[in-house]
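Remarks on the structure that follows.
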Amino acid sequence: MNEQAPAGPPAYLAAIGTELPGDPVDNAALAKALGVNEEWIEVFIGTKTRHFARDLASNTVRWSLADLCARAGARALDGPGPGPEDIDFVVLGTATPDTLMPATVNHVADQLGLDQVPTFQLQSGCAGAVQALSLARTMIASGEYRNGLVMGGDVCSKHLDLDRDLSGAAPGDIVNFVLFGDGAGAAVVSAEPCGERVALHRVLNRFTGLGREPGQIIEWFGLADRHEDRQALKEDYKAIEESVPVMAVEILWELLGDLDWDAEDLDYLLPPQLSGRMTARIFQELDVPTAREISCVADTGNNGNALPFLQTERLLGRMAAGEKALAVAIESSKWIKAGFALEKT
(Lines give C-alpha, C1' and ligand atoms only; values in the text may rest on other atoms or scores of the structure.)
Protein backbone atom coordinates (compact mmCIF):
# COMPACT_ATOMS: atom_id res chain seq x y z
CA MET A 1 0.00 0.00 0.00
CA ASN A 2 1.22 3.51 -0.76
CA GLU A 3 2.45 5.47 2.22
CA GLN A 4 0.68 8.68 3.18
CA ALA A 5 2.66 11.91 2.89
CA PRO A 6 4.06 13.31 6.15
CA ALA A 7 1.64 15.34 8.20
CA GLY A 8 3.57 18.59 7.65
CA PRO A 9 2.84 21.96 9.29
CA PRO A 10 -0.77 22.63 10.26
CA ALA A 11 -3.20 25.04 8.71
CA TYR A 12 -5.79 26.63 10.99
CA LEU A 13 -9.56 26.79 11.06
CA ALA A 14 -10.30 30.43 11.75
CA ALA A 15 -14.09 30.43 11.43
CA ILE A 16 -17.02 28.14 10.60
CA GLY A 17 -20.43 28.88 9.12
CA THR A 18 -23.35 26.58 8.27
CA GLU A 19 -26.76 26.80 6.65
CA LEU A 20 -29.78 24.50 6.93
CA PRO A 21 -32.70 25.44 4.66
CA GLY A 22 -36.15 26.10 6.06
CA ASP A 23 -37.78 24.61 9.12
CA PRO A 24 -36.93 21.06 10.23
CA VAL A 25 -39.11 18.35 8.69
CA ASP A 26 -40.03 15.71 11.26
CA ASN A 27 -40.79 12.06 10.60
CA ALA A 28 -44.55 12.57 10.73
CA ALA A 29 -44.44 15.17 7.94
CA LEU A 30 -42.03 13.12 5.84
CA ALA A 31 -44.04 9.91 6.29
CA LYS A 32 -47.21 11.70 5.21
CA ALA A 33 -45.54 13.18 2.10
CA LEU A 34 -44.07 9.83 1.05
CA GLY A 35 -46.87 7.54 2.18
CA VAL A 36 -44.61 5.43 4.41
CA ASN A 37 -44.75 4.36 8.05
CA GLU A 38 -43.55 7.00 10.53
CA GLU A 39 -42.55 4.45 13.15
CA TRP A 40 -40.41 2.58 10.60
CA ILE A 41 -38.41 5.75 9.92
CA GLU A 42 -37.80 6.28 13.62
CA VAL A 43 -36.77 2.67 14.34
CA PHE A 44 -34.86 1.80 11.18
CA ILE A 45 -33.14 5.15 10.50
CA GLY A 46 -33.11 6.85 13.91
CA THR A 47 -33.13 10.34 12.36
CA LYS A 48 -35.75 12.64 13.85
CA THR A 49 -35.63 15.70 11.58
CA ARG A 50 -33.99 16.96 8.40
CA HIS A 51 -34.08 20.11 6.25
CA PHE A 52 -35.05 20.42 2.59
CA ALA A 53 -34.30 23.11 0.02
CA ARG A 54 -37.73 22.49 -1.47
CA ASP A 55 -41.20 22.76 0.02
CA LEU A 56 -42.78 19.33 0.43
CA ALA A 57 -46.34 20.64 0.16
CA SER A 58 -45.91 22.52 -3.12
CA ASN A 59 -42.79 20.71 -4.42
CA THR A 60 -41.30 24.15 -5.05
CA VAL A 61 -37.52 24.56 -4.96
CA ARG A 62 -36.74 27.43 -2.58
CA TRP A 63 -32.93 27.37 -2.42
CA SER A 64 -30.17 26.15 -4.71
CA LEU A 65 -26.93 24.60 -3.50
CA ALA A 66 -25.18 27.86 -4.42
CA ASP A 67 -27.63 29.76 -2.19
CA LEU A 68 -26.94 27.49 0.78
CA CYS A 69 -23.17 27.56 0.31
CA ALA A 70 -23.16 31.34 -0.06
CA ARG A 71 -25.09 31.73 3.19
CA ALA A 72 -22.73 29.38 5.02
CA GLY A 73 -19.71 31.11 3.46
CA ALA A 74 -20.99 34.54 4.48
CA ARG A 75 -21.32 33.37 8.08
CA ALA A 76 -17.76 32.01 8.06
CA LEU A 77 -16.40 35.22 6.55
CA ASP A 78 -18.32 37.19 9.17
CA GLY A 79 -16.61 35.22 11.92
CA PRO A 80 -13.55 36.07 14.00
CA GLY A 81 -10.98 35.26 11.30
CA PRO A 82 -10.04 36.73 7.88
CA GLY A 83 -12.76 38.51 5.89
CA PRO A 84 -13.71 38.47 2.19
CA GLU A 85 -10.87 40.80 1.24
CA ASP A 86 -8.34 38.29 2.65
CA ILE A 87 -9.51 35.20 0.73
CA ASP A 88 -6.98 33.84 -1.77
CA PHE A 89 -8.95 30.83 -3.10
CA VAL A 90 -12.31 29.06 -2.86
CA VAL A 91 -12.95 25.29 -2.78
CA LEU A 92 -16.29 23.45 -2.81
CA GLY A 93 -16.88 19.74 -2.30
CA THR A 94 -20.28 18.39 -3.40
CA ALA A 95 -22.03 15.40 -4.93
CA THR A 96 -25.02 17.44 -6.11
CA PRO A 97 -23.94 20.55 -8.03
CA ASP A 98 -26.69 22.79 -9.35
CA THR A 99 -25.47 22.37 -12.93
CA LEU A 100 -22.62 20.63 -14.70
CA MET A 101 -21.57 24.04 -16.03
CA PRO A 102 -21.02 26.61 -14.70
CA ALA A 103 -19.49 25.00 -11.63
CA THR A 104 -21.56 25.81 -8.56
CA VAL A 105 -18.49 27.15 -6.76
CA ASN A 106 -18.36 30.05 -9.19
CA HIS A 107 -21.97 31.03 -8.46
CA VAL A 108 -21.07 30.95 -4.77
CA ALA A 109 -18.04 33.18 -5.31
CA ASP A 110 -20.23 35.56 -7.29
CA GLN A 111 -22.84 35.77 -4.53
CA LEU A 112 -20.08 36.46 -1.97
CA GLY A 113 -18.44 39.15 -4.10
CA LEU A 114 -15.20 37.18 -4.44
CA ASP A 115 -13.38 37.90 -7.71
CA GLN A 116 -9.95 37.30 -9.26
CA VAL A 117 -9.26 34.26 -7.07
CA PRO A 118 -8.77 30.58 -8.00
CA THR A 119 -11.88 28.43 -7.57
CA PHE A 120 -12.08 24.64 -7.34
CA GLN A 121 -15.01 22.24 -7.28
CA LEU A 122 -14.52 18.64 -6.18
CA GLN A 123 -17.17 16.13 -7.24
CA SER A 124 -17.47 13.66 -4.39
CA GLY A 125 -19.89 12.27 -1.83
CA CYS A 126 -19.37 12.26 1.91
CA ALA A 127 -15.59 12.59 1.49
CA GLY A 128 -15.83 15.75 -0.62
CA ALA A 129 -15.65 18.16 2.29
CA VAL A 130 -12.54 16.40 3.62
CA GLN A 131 -10.99 16.47 0.15
CA ALA A 132 -11.69 20.22 0.02
CA LEU A 133 -9.92 20.67 3.36
CA SER A 134 -7.01 18.58 2.08
CA LEU A 135 -6.64 20.75 -1.02
CA ALA A 136 -6.81 23.94 1.06
CA ARG A 137 -4.19 22.65 3.48
CA THR A 138 -1.87 21.73 0.58
CA MET A 139 -2.29 25.15 -1.04
CA ILE A 140 -1.54 26.96 2.20
CA ALA A 141 1.49 24.74 2.86
CA SER A 142 2.89 25.81 -0.54
CA GLY A 143 3.41 29.31 0.85
CA GLU A 144 1.67 30.92 -2.13
CA TYR A 145 -1.70 31.32 -0.39
CA ARG A 146 -2.56 32.57 3.10
CA ASN A 147 -6.33 32.17 3.47
CA GLY A 148 -8.99 30.08 1.74
CA LEU A 149 -12.75 29.61 1.92
CA VAL A 150 -13.55 25.88 2.01
CA MET A 151 -17.13 24.68 1.59
CA GLY A 152 -19.12 21.47 1.45
CA GLY A 153 -22.79 21.01 0.78
CA ASP A 154 -25.47 18.96 -0.90
CA VAL A 155 -29.07 19.30 -2.00
CA CYS A 156 -30.16 15.68 -1.86
CA SER A 157 -33.86 16.49 -2.11
CA LYS A 158 -33.51 16.94 -5.88
CA HIS A 159 -33.72 13.12 -5.99
CA LEU A 160 -36.82 12.95 -3.76
CA ASP A 161 -39.65 11.76 -6.04
CA LEU A 162 -42.84 12.73 -4.22
CA ASP A 163 -45.03 11.17 -6.92
CA ARG A 164 -43.61 7.68 -6.55
CA ASP A 165 -45.77 5.05 -4.85
CA LEU A 166 -43.67 3.57 -2.06
CA SER A 167 -46.41 1.43 -0.51
CA GLY A 168 -44.88 -1.79 -1.87
CA ALA A 169 -41.24 -0.72 -1.94
CA ALA A 170 -38.56 -2.74 -0.15
CA PRO A 171 -36.91 -1.17 2.94
CA GLY A 172 -33.60 -0.92 1.07
CA ASP A 173 -35.34 1.28 -1.51
CA ILE A 174 -37.31 3.41 0.93
CA VAL A 175 -34.13 4.24 2.87
CA ASN A 176 -33.00 6.54 0.04
CA PHE A 177 -36.12 8.64 0.56
CA VAL A 178 -35.86 9.06 4.33
CA LEU A 179 -32.11 9.15 5.03
CA PHE A 180 -31.08 12.41 3.41
CA GLY A 181 -31.46 16.15 3.92
CA ASP A 182 -30.00 19.36 2.49
CA GLY A 183 -27.45 21.79 3.87
CA ALA A 184 -24.08 23.49 3.51
CA GLY A 185 -21.07 24.41 5.60
CA ALA A 186 -17.98 26.57 5.20
CA ALA A 187 -14.67 27.20 6.94
CA VAL A 188 -12.06 29.91 6.61
CA VAL A 189 -8.71 28.11 6.59
CA SER A 190 -5.62 30.18 7.34
CA ALA A 191 -1.86 29.86 7.49
CA GLU A 192 -1.85 31.63 10.86
CA PRO A 193 -3.50 30.74 14.19
CA CYS A 194 -6.24 33.36 14.15
CA GLY A 195 -9.94 33.47 14.91
CA GLU A 196 -10.94 30.12 16.42
CA ARG A 197 -7.25 29.08 16.39
CA VAL A 198 -7.90 25.39 15.70
CA ALA A 199 -4.98 23.59 14.09
CA LEU A 200 -5.80 21.27 11.18
CA HIS A 201 -2.98 18.80 11.83
CA ARG A 202 -3.73 15.99 9.41
CA VAL A 203 -6.13 15.20 6.57
CA LEU A 204 -6.62 11.63 5.32
CA ASN A 205 -8.11 11.03 1.87
CA ARG A 206 -7.64 7.64 0.23
CA PHE A 207 -9.51 5.63 -2.40
CA THR A 208 -9.88 2.04 -1.17
CA GLY A 209 -12.45 0.63 -3.58
CA LEU A 210 -10.26 -1.35 -5.97
CA GLY A 211 -12.34 -4.22 -7.33
CA ARG A 212 -15.34 -3.40 -5.11
CA GLU A 213 -18.88 -2.71 -6.27
CA PRO A 214 -20.11 0.81 -5.44
CA GLY A 215 -22.15 1.21 -2.29
CA GLN A 216 -24.01 4.17 -3.77
CA ILE A 217 -24.73 5.42 -7.29
CA ILE A 218 -26.24 8.77 -8.26
CA GLU A 219 -27.15 8.94 -11.93
CA TRP A 220 -26.80 12.06 -14.04
CA PHE A 221 -29.36 12.14 -16.83
CA GLY A 222 -28.81 14.09 -20.04
CA LEU A 223 -31.23 14.84 -22.85
CA ALA A 224 -30.48 11.52 -24.52
CA ASP A 225 -31.11 9.27 -21.52
CA ARG A 226 -33.38 11.18 -19.17
CA HIS A 227 -36.43 9.07 -20.10
CA GLU A 228 -34.72 5.74 -19.46
CA ASP A 229 -36.23 3.62 -16.72
CA ARG A 230 -33.35 4.02 -14.29
CA GLN A 231 -33.51 4.96 -10.66
CA ALA A 232 -31.66 8.24 -10.05
CA LEU A 233 -30.21 7.15 -6.71
CA LYS A 234 -29.30 3.62 -5.66
CA GLU A 235 -27.73 2.52 -2.41
CA ASP A 236 -26.56 -0.86 -1.11
CA TYR A 237 -27.45 -0.13 2.48
CA LYS A 238 -26.55 -3.64 3.61
CA ALA A 239 -22.99 -3.27 2.26
CA ILE A 240 -22.74 0.14 3.93
CA GLU A 241 -23.95 -1.24 7.27
CA GLU A 242 -21.35 -4.00 7.09
CA SER A 243 -18.37 -1.98 5.82
CA VAL A 244 -18.57 1.50 7.32
CA PRO A 245 -18.08 0.58 11.01
CA VAL A 246 -15.03 -1.53 10.14
CA MET A 247 -13.56 1.22 7.94
CA ALA A 248 -14.22 3.84 10.63
CA VAL A 249 -12.11 1.92 13.15
CA GLU A 250 -9.31 1.57 10.59
CA ILE A 251 -9.34 5.32 9.87
CA LEU A 252 -9.28 6.19 13.58
CA TRP A 253 -6.19 4.12 14.29
CA GLU A 254 -4.41 5.20 11.13
CA LEU A 255 -4.87 8.88 12.02
CA LEU A 256 -3.75 8.27 15.59
CA GLY A 257 -0.65 6.48 14.31
CA ASP A 258 0.20 9.24 11.83
CA LEU A 259 -0.04 11.85 14.58
CA ASP A 260 1.63 9.77 17.29
CA TRP A 261 -1.43 10.39 19.46
CA ASP A 262 -2.87 7.84 21.88
CA ALA A 263 -6.60 7.18 21.91
CA GLU A 264 -6.66 8.54 25.47
CA ASP A 265 -5.41 11.89 24.11
CA LEU A 266 -8.70 12.46 22.29
CA ASP A 267 -11.23 14.75 23.89
CA TYR A 268 -13.75 14.58 21.04
CA LEU A 269 -14.62 12.21 18.22
CA LEU A 270 -16.62 13.17 15.12
CA PRO A 271 -17.91 9.85 13.71
CA PRO A 272 -19.39 9.26 10.23
CA GLN A 273 -22.93 10.63 10.01
CA LEU A 274 -24.98 8.05 8.09
CA SER A 275 -28.14 8.11 10.18
CA GLY A 276 -29.01 8.47 13.82
CA ARG A 277 -29.05 4.70 14.35
CA MET A 278 -25.93 3.90 12.33
CA THR A 279 -23.89 6.73 13.82
CA ALA A 280 -24.66 5.56 17.36
CA ARG A 281 -23.48 2.06 16.41
CA ILE A 282 -20.28 3.34 14.78
CA PHE A 283 -19.38 5.52 17.76
CA GLN A 284 -19.80 2.54 20.07
CA GLU A 285 -17.52 0.39 17.88
CA LEU A 286 -14.85 3.13 17.76
CA ASP A 287 -14.59 2.55 21.52
CA VAL A 288 -12.72 5.63 22.74
CA PRO A 289 -14.15 6.12 26.26
CA THR A 290 -12.29 9.39 26.88
CA ALA A 291 -13.72 11.07 23.78
CA ARG A 292 -17.07 12.85 23.68
CA GLU A 293 -19.21 12.30 20.59
CA ILE A 294 -19.94 15.21 18.26
CA SER A 295 -22.83 14.26 15.99
CA CYS A 296 -25.66 16.11 14.25
CA VAL A 297 -27.29 13.70 11.78
CA ALA A 298 -30.28 12.85 14.00
CA ASP A 299 -31.33 16.51 13.75
CA THR A 300 -30.05 17.49 10.29
CA GLY A 301 -30.44 14.32 8.24
CA ASN A 302 -27.63 13.02 6.09
CA ASN A 303 -26.77 16.13 4.06
CA GLY A 304 -23.53 14.76 2.67
CA ASN A 305 -20.70 17.25 2.43
CA ALA A 306 -22.28 19.67 4.88
CA LEU A 307 -21.88 17.20 7.75
CA PRO A 308 -18.19 17.69 8.70
CA PHE A 309 -18.79 21.45 8.93
CA LEU A 310 -21.97 21.01 10.99
CA GLN A 311 -20.09 18.70 13.35
CA THR A 312 -17.09 21.04 13.56
CA GLU A 313 -19.34 24.00 14.32
CA ARG A 314 -20.76 22.07 17.27
CA LEU A 315 -17.24 21.08 18.30
CA LEU A 316 -15.90 24.64 18.33
CA GLY A 317 -18.64 25.67 20.73
CA ARG A 318 -17.21 23.24 23.30
CA MET A 319 -13.49 22.95 22.55
CA ALA A 320 -11.02 24.41 25.05
CA ALA A 321 -7.34 25.22 24.55
CA GLY A 322 -5.20 22.12 24.26
CA GLU A 323 -8.09 19.77 23.48
CA LYS A 324 -7.88 17.38 20.53
CA ALA A 325 -10.44 15.89 18.16
CA LEU A 326 -10.53 13.43 15.28
CA ALA A 327 -13.14 13.40 12.51
CA VAL A 328 -13.84 10.24 10.52
CA ALA A 329 -15.69 10.29 7.18
CA ILE A 330 -16.38 7.48 4.72
CA GLU A 331 -17.67 7.70 1.19
CA SER A 332 -19.46 4.52 0.16
CA SER A 333 -19.96 5.42 -3.51
CA LYS A 334 -16.66 3.76 -4.46
CA TRP A 335 -15.25 3.47 -0.94
CA ILE A 336 -13.04 6.35 0.20
CA LYS A 337 -11.46 6.61 3.65
CA ALA A 338 -11.26 10.17 4.94
CA GLY A 339 -10.72 12.09 8.15
CA PHE A 340 -8.89 14.95 9.83
CA ALA A 341 -7.34 15.92 13.14
CA LEU A 342 -7.96 19.14 15.07
CA GLU A 343 -6.35 20.75 18.11
CA LYS A 344 -7.32 24.00 19.82
CA THR A 345 -4.17 26.10 20.21
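Have a look at 313, 235, 343 and point out the one that is buried (at least 17 other Cβ atoms within 10 Å of the Cβ), of a type in the set (Asp, Glu) and in contact with a helix residue (DSSP H, G or I) (Cβ under 8 Å, 6 or more places away or on another chain).
Values: 313 fails: in contact with a helix residue (DSSP H, G or I) (Cβ under 8 Å, 6 or more places away or on another chain); 343 fails: in contact with a helix residue (DSSP H, G or I) (Cβ under 8 Å, 6 or more places away or on another chain).
After applying the criteria, what remains is 235.
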| message | Checking the condition of a type in the set (A, V, I, L, M, F, W, C), touching a strand residue (DSSP E or B) at 6+ places or on another chain (Cβ under 9 Å) and over 30 Å from residue 317 (Cβ atoms), which residue from 240, 218, 174, 140 passes? | response | 218
| message | Return the residues of segment 71-94 that are surrounded by fewer than 23 Cβ atoms within 10 Å (Cβ to Cβ) and small (Gly, Ala, Ser); say none if nothing qualifies. | response | 74, 79, 83
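So if I check each of 81, 17, which one is within 22 Å of residue 195 (Cβ to Cβ), assigned by TED's automatic domain parsing to the domain that holds residue 173 and part of a loop (DSSP other than H, G, I, E, B)? Step through it out loud before you land on a result.
Details: 17 fails: part of a loop (DSSP other than H, G, I, E, B).
None of the other options fit; the residue is 81.
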| said: Within segment 55-62, does at least one residue satisfy the condition of being touching a helix residue (DSSP H, G or I) at 6+ places or on another chain (Cβ under 8 Å), among the charged types (D, E, K, R) and on the phi < 0 side of the Ramachandran plot? | reply: no
| segment 95-117, subset in contact with an Asp or Glu (Cβ under 8 Å, 6 or more places away or on another chain) and surrounded by fewer than 20 Cβ atoms within 10 Å (Cβ to Cβ), residue farthest from residue 159 (Cα to Cα) | 117
| remark: When residue 60 is run through (1) farther than 16 Å from residue 21 by Cα; (2) surrounded by fewer than 20 Cβ atoms within 10 Å (Cβ to Cβ); (3) touching a strand residue (DSSP E or B) at 6+ places or on another chain (Cβ under 7 Å), the failure sits at (1)
| The one condition in (1) closer than 24 Å to residue 122 by Cα; (2) crowded, with 19+ Cβ neighbours inside 10 Å that residue 245 fails to fulfil | (1)
| Which one of these is buried (at least 24 other Cβ atoms within 10 Å of the Cβ) and within 30 Å of residue 209 (Cα to Cα): 53, 11? | 11
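The values are calculated or read from the model by the stated rules, or taken from the named source; none is laboratory data. Computed from a prediction, not measured in an experiment: that's the story for all the values here. Glycine also receives a Cβ, built like all others from the backbone with ideal geometry; neighbour counts cover every protein chain displayed.
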